[in-house]
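Values quoted throughout were computed directly from the atomic coordinates according to the rules given, and no laboratory measurement underlies them. Small disclaimer: the values here were computed from a predicted structure and weren't measured. For neighbour counting, all protein chains shown are included, and Cβ atoms are generated from backbone atoms with ideal geometry for every residue, glycine included.
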Amino acid sequence: MPDTARLYTPAEAGAVSGLKLKAVHNAIDKHIVEPVAKARAVTSEPVKRVGPRFLTGEDLVRLRVWRGVGDTLSAERRHRLFVAIAATPKAKTVKADELLIVDVGEARKQVDRGVRDLEAAEAIVAKDKATLGGEPVFKGTRIPVYGIAAMLDAGATAEELLSGYPKLTERLLDLARIWVAAHPRRGRPKSLSDYGLKLKSTKRLPLKSDPLAGRTKPFASAAG
């Protein structure tokens, strides 16, 4: 189950749910999720002031369900579905209407995995002014996280990066992408040379409409 005490930024919510940041803001604007707009204790530390676009763990589940059912439901039907999900938090399936059953249990499992991955990503990144001027790096190295993610986006393969950076693993490469998605850099994106990195080769890859395609289960099925 998602951590009910933690609040997530839209970028973190996107990294967990598999949505693009723009899509998360769109979901907020459409009132698919309602952001928290008041001070709330998010850890054992003193209460922190949060802005109007922080989301709860249950919001992440709603985003994941929304991503699964898309626009197949009208705003009214979607609202009824979310009310039913909130009313039965332990239910594995929820009937959206007479024709659609939503696998909420699977949505919660996927969000839970996403939250664990985000926490793991947070744990492997360090920032120290004494190391590359405070640039986020993999702990115990001087390898910039943004730089590695940029190389992956530019077409570098895992094999190429692991050959050039023996301290990294495939798991760290995956976590780098999650961390960068949760912490998008503001301002003009840096080039690889800004990180002291050089791309040796490139290749064209087809874009995927669903970044989690092939490793997730469908949420909805027709009611018989």
Q | Two-site label geometry, ALA86 and HIS31: point separation in nm, points 7 Å out along Cα→Cβ | A | 1.2
Q | Pair HIS79, LYS95: separation of 7 Å Cα→Cβ label points (nm) | A | 2.2
Q: Report the label-to-label distance for ALA120 and ALA5 in nanometres (one decimal), using points 7 Å from each Cα along the Cα→Cβ vector.
A: 2.3
Q: State the answer as a single residue: which of HIS79, LEU132, ALA121 lies farthest towards the positive end of the charge dipole of region 76-156, with beta carbon charges of +1 for Lys and Arg and -1 for Asp and Glu, about the Cα centre.
A: HIS79
Q | Dipole magnitude of region 59-161 about its Cα centre (Cβ charges: Lys, Arg +1; Asp, Glu -1), debye to nearest 20 | A | 460
Q) What fraction of the Cα pairs in region 74-188, stated in percent, has a spacing above 19 angstrom? A) 59
**Q.** Inverse of mean 1/r across different Cα pairs in region 109-155, Kirkwood, Å
**A.** 11.7
Q) How big is Rg to Rh over region 91-136, alpha-carbon atoms, Rh as the Kirkwood inverse-mean-distance radius? A) 1.42
Q. Considering amide H positions built from the backbone, and no H for Pro or chain starts, which residues 5 or more places from PHE54, or on another chain, come under 5 Å of its amide H?
A. VAL36
